[in-house]
Amino acid sequence: MTDYRFAYEPGAVRYGEGAAGDLDDELEALGAERALVVAGQTVGTTPEVIDPVREGLGDRLAGVLAETTPDKLVSTALDVVEAMEETGADALVGLGGGSSIDVSKAAAAIASKDSQGVDRAAVGTEMEETGTIAIEGEAPPVVAVPTTLAGADLSQVAGINADPATCPVAEPVDGGVSDPALMSAAVVGDPELVATTPPGILRASAMNGFDKGVETLYTSAATPFTDATAVRGLDVLTDALPDLGERVTVETAAPSLEGLLLVQYGISRPDGGTLGLIHAFGHGLTAYSDIQQGAAHAVVAPHALRYLFGEVEGRRELLAEAFGVGDAGDPAEAVVEAVADVRDGLGLPARLRDTEGPEPDQFEDVARAVVDDPLIVNLPEGLELTVEDMVGVLEDAH
């Protein structure tokens, strides 16, 4: 690696037990007066989660909107913007998993538009025509307070979907937003909040976050900076996640969260990203079935890596070093086995047939979605995907 350009402007990261108690300091540093908390119904009404956030915001709390769902609906983002106008909020706190953080970013994009009130019809039309929501002015800052380990925090992108039942669109739209202005202005990582998440959800999310570190090392967009944080993050996660698989406590959540924050560094940048084949499979599998994202990653990651190493070098030696198996005779297979060990330590499924994933007669559709996924641009040079090969990976995973 001799030539690269690394442009990255992440928000401040505050980490530690009780870190939610310092939310007002982060808002003050951003010049924000009042923040609306955006969360799902469970997170937004669970005292162990919402009370520390309320107390941490103090007089800067504008209100709580606990309406986000895994569907990441544009209609919810529109509701957020209307609530901001009603409460006088000038900042957002995305509390919870990726859904709440993504909806907060979509709301920030909508709020950037120079208009009187929220024009739902205009946003619906924009989603239908472009699949996204463009930034048109100054977007309010978003402070991410994760309660899972999926890794949507240090990112300038967010998934967002429009449903005709709740948004003025004729057909469902699966889209997203992406802009440097949507990078989280701050991330407050508090292990005490993460430890409140139900174990099954938390462990599945951890596999998603873990795979971000794996993909960052083999991506075509790798740099020495992302190598350093991903290697360190994977080292931390390899040790921490099996403990998280045994028991979810503040003590096991703390190193898991620290490792997650490290592997996120630089994965979402103005000039590119580092996610690749595993995440493309995750998108395809969830698009054609009810499989949970973390379970999709758990099942497919070892098989996707084995395919990748069969086609290209894939920086297997650096990955082996990150997993502490650098002296293995076959570093590629050692990496595959290390990833499978992490999955097994988290107690996640190893076979597609044991999940709510697609049936074999749907594999070709999933494979086409993988080949067409925008993340494929990040794959190592020389790796050319075919639908036939992707079907083979799914058959192996099944």
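Odds and ends about this structure:
- Sorted on the mean count of surrounding Cβ atoms within 10 Å across their residues, most packed first, peptides 380-388, 18-26 read 18-26, 380-388.
- DSSP bridge orientation in the chain - percent antiparallel, rounded to nearest 5: 25 percent
- Proximity of backbone amide H atoms, modeled 1.01 Å from N, is registered between N161 and L73, V74, G175 at under 5 Å, excluding neighbours fewer than 5 places apart on the same chain.
- Less than 5 angstrom separates the built amide H of Y15 from those of G189, all sequence-distant by 5 or more or on a different chain.
- Rounded to the nearest 10 degrees, the inclination of helix 363-372 to the longest alpha-carbon principal axis of the chain is 70 degrees.
- Acute angle (nearest 10 degrees) that the helix 74-87 long axis makes with the longest principal axis of the chain, alpha-carbon atoms: 30 degrees
- Highest-fluctuation residue, L27, L149, L92 considered, GNM on the chain with Cα pairs under 10 Å: L27
- Taking packing as the residue-averaged number of other Cβ atoms within 10 angstrom, the listed peptides 185-195, 291-301 run from highest to lowest as 291-301, 185-195.
- Each helix, a run of at least 4 DSSP H residues, gives -39500 (n - 2.57); summed and divided by the residues of the chain, these come to -15500 deg cm²/dmol at 222 nm.
- Seen against the Cα atoms of the chain and their longest principal axis, helix 331-345 is set at about 50 degrees.
- Positive-pole candidate from V81, V143, L57, dipole of the chain, charges at beta carbon: L57
- Percent carbon-and-sulfur accessible area, the chain, ignoring ligands, DNA and RNA, probe 1.4 Å: 45 percent
- C-alpha center-to-center spacing [the range 109-147, the range 320-334] in angstrom: 45 Å
- Hull-based mean projected area of the chain, where the convex hull spans the alpha carbons, in square nanometres: 18.2 nm²
- Remark on E67: its backbone amide H falls under 5 Å from those of A39, a criterion applied only to residues 5 or more positions apart or on other chains, H modelled at 1.01 Å from N.
- Eligible lysines near K105 by straight Cα distance, threshold 17 Å, same-chain separation 8 or greater: K72, K113
- 1.4 Å probe accessible area per residue over the chain, in Å²: 40 Å²
- Residues considered: G137, G276, G151. Largest GNM mean-square fluctuation over the chain, using C-alpha springs under 10 Å, is found at G137.
- Euclidean distance of C-alpha centroids, the range 264-288 and the range 359-386, integer Å: 12 Å
- Contact order for the range 186-315, expressed relative to its length and based on alpha carbon pairs under 8 Å spaced 6+ residues apart, stands at 32 percent.
- Between the beta carbons of D25 and Y4, assuming R0 = 30 Å, the FRET efficiency works out to 0.30 to the nearest 0.05.
The values are calculated or read from the model by the stated rules, or taken from the named source; none is laboratory data. None of these values were measured; they are calculated from a predicted model. Positions of Cβ are backbone-derived with ideal geometry, glycine not excepted, and every protein chain shown enters the neighbour counts. Surface accessibility is based on the protein's heavy atoms, side chains included, excluding ligands, DNA and RNA. Shrake-Rupley method; radii C 1.70, N 1.55, O 1.52, S 1.80 Å.
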